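What follows is one structure encoded as structure tokens, with my remarks underneath.
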Amino acid sequence: MHAAAYVADPYAYYRGLRAQAPACWNPDVNAWTLTRYRDVVDLIRHPALSVGRLPLAQPVVGEGRRGDMLEQHLAHWLIRMDGPDHARLRALAKRAMPHRFADQMRPLVRQRAEALLGRLLSRAAIIDVIGDYAAPLALAAICDALGLPEQDHVQFRRWSECIEQGAGRGCSASQISRAIEAVQATRAYLAQQVGRVQASGLISAFAGSSVNCAVMSRDEVISTASLLLLAGHETSTHALANALLALFDHPSELRKLRHGDCDTGAIDELLRYDTPLQGLMRRATASFEWQGQRISAGQTLVLWLGAANRDPTVFAEPDRLNLNRQALRHASFGFGAHRCLGAGLAHCILEEGLLAFLAAAPKAARLARRLEWRGNMLFRSQTRLLVQLY
């Protein structure tokens, strides 16, 4: 399939692969592609697959300099670690943000959403859901969770935009340079905040976390905070935007959610239906057989989460949005040791952001304009989503 067609509708591509070649070598991306739910789930946990030292997803001019700088920054990110180091750091991070943390954040996230919507409704009938609502809400919620001062949120928004612009296909050398500078600036800022932020915030909790006498180093505190801030912001932003788009395109399901006529799994169904993170990359550290194929050490695999979420052997009528779907176990947050650390907070931002939006703008509707999807095959996001509020 042509890249542009894939970006516009990856699910048609997944259907063909799942039916004809669910585990196959793709010479265009120099990687194995896996599209069945069971394969994706099992390979995420496979001991011969590693997340460390994966190739950067976007080869560009100046790759060496960009790669060196990003590798230095990403070295302590949980999503780039395996084995004992990963287990130690993940245990410390989980100790700092237990399951109830997201529930504790819920009233503040709802308050942020309602205040933002109040300002938007007072000044404009038409908004870009991504730039005007989802992005600032996700950023404010994550900054609140980390304990960062509110006056710095605007600066984080600028850095986040630079990083996003420098990570897509076809970005210019100047965009790449600005993205690197933004990553470095974020790290420098967070380094200054360690020991200075609110005692109730996650940065302080990371710094004070202890499991079996193990603690986070200063670099690990900074990197774990930046992971939540940078990766979490983009994912939460587009989870909210994709969910609203799905609801606008399925008015009967939108009415269910507005009137409270759907099950508690409605938010998970929206995450299943159109997850921002479409695929995970892994590298084989040893050769092994899989579904009759020989995976060689050093080869890259792409585990398509978006395809797993539409597997008809797991989800009945997988291409239909059904907010009353039962026994939902989507792949959007991953599984096992590498399940998304901030899944609870991301779920909270999506739920509170959606419910606040639907309550504040009961007549909101998407403007009938052509959607513009960003050209990133692993991450499904739009450039903007125009909505008429009233």
Item to check | Failed condition for residue 233, given (1) over 24 Å from residue 374 (Cβ atoms); (2) surrounded by 15 or more Cβ atoms within 10 Å (Cβ to Cβ) | outcome: (1)
Checklist entry - Restricting the search to the stretch 64-94, which residues are modelled with pLDDT of 85 or more and either among the acidic types (Asp, Glu) or closer than 21 Å to residue 180 by Cβ (or both)? => result 79, 80, 82, 85
Checklist entry - Which of the residues that make up the stretch 165-185 are part of a helix (DSSP H, G or I) and either open to solvent by 40 Å² or more (accessible area, probe 1.4 Å) or in contact with a strand residue (DSSP E or B) (Cβ under 7 Å, 6 or more places away or on another chain) (or both)? => result 165, 173, 174, 175, 178, 181, 184
Next on the checklist: For the stretch 141-159: of the residues being open to solvent by less than 10 Å² (accessible area, probe 1.4 Å) and in a helix (DSSP H, G or I), which is farthest from residue 245 (Cα to Cα)?
Outcome noted: 146
Item to check | In the stretch 343-358, the residues that are under 13 Å from residue 244 (Cα atoms) and either open to solvent by 20 Å² or more (accessible area, probe 1.4 Å) or assigned to a loop (DSSP other than H, G, I, E, B) (or both) | outcome: 351, 355
Item to check | Counted residues, the stretch 297-324 - those being assigned to a loop (DSSP other than H, G, I, E, B) and on the phi < 0 side of the Ramachandran plot | outcome: 17
Checklist outcome for this item: residue 334 fails exactly one of (1) in contact (Cβ under 8 Å) with a residue 40 or more places away in the chain; (2) at negative phi; (3) open to solvent by less than 50 Å² (accessible area, probe 1.4 Å), namely (2)
Checklist entry - Quick check: is even one residue across the stretch 207-219 of a type in the set (A, V, I, L, M), open to solvent by less than 10 Å² (accessible area, probe 1.4 Å) and part of a helix (DSSP H, G or I)? => result no
Next on the checklist: Can you go through 294, 258, 329 and tell me which one is outside any helix (DSSP H, G or I), more than 25 Å from residue 93 (Cα to Cα) and open to solvent by 10 Å² or more (accessible area, probe 1.4 Å)?
Outcome noted: 294
Checklist entry - Can you find even one residue in the stretch 13-22 that is outside any loop (DSSP other than H, G, I, E, B), free of Cβ contacts under 8 Å to residues at least 24 places away in the same chain and among the charged types (D, E, K, R)? => result no
Checklist entry - For the subset of the stretch 196-206 comprising residues that are within 23 Å of residue 184 (Cβ to Cβ) and in a loop (DSSP other than H, G, I, E, B), which member is farthest from the chain's Cα centre (by Cα)? => result 196
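The values are calculated or read from the model by the stated rules, or taken from the named source; none is laboratory data. Because the structure is predicted, anything quoted here is derived from the model rather than measured. Neighbour counts are summed over all protein chains in view; Cβ atoms, including those assigned to glycine, are modelled from backbone coordinates with ideal geometry. These area figures cover heavy atoms from the full protein model, side chains too; ligands, DNA and RNA do not enter into them. Shrake-Rupley method; radii C 1.70, N 1.55, O 1.52, S 1.80 Å.
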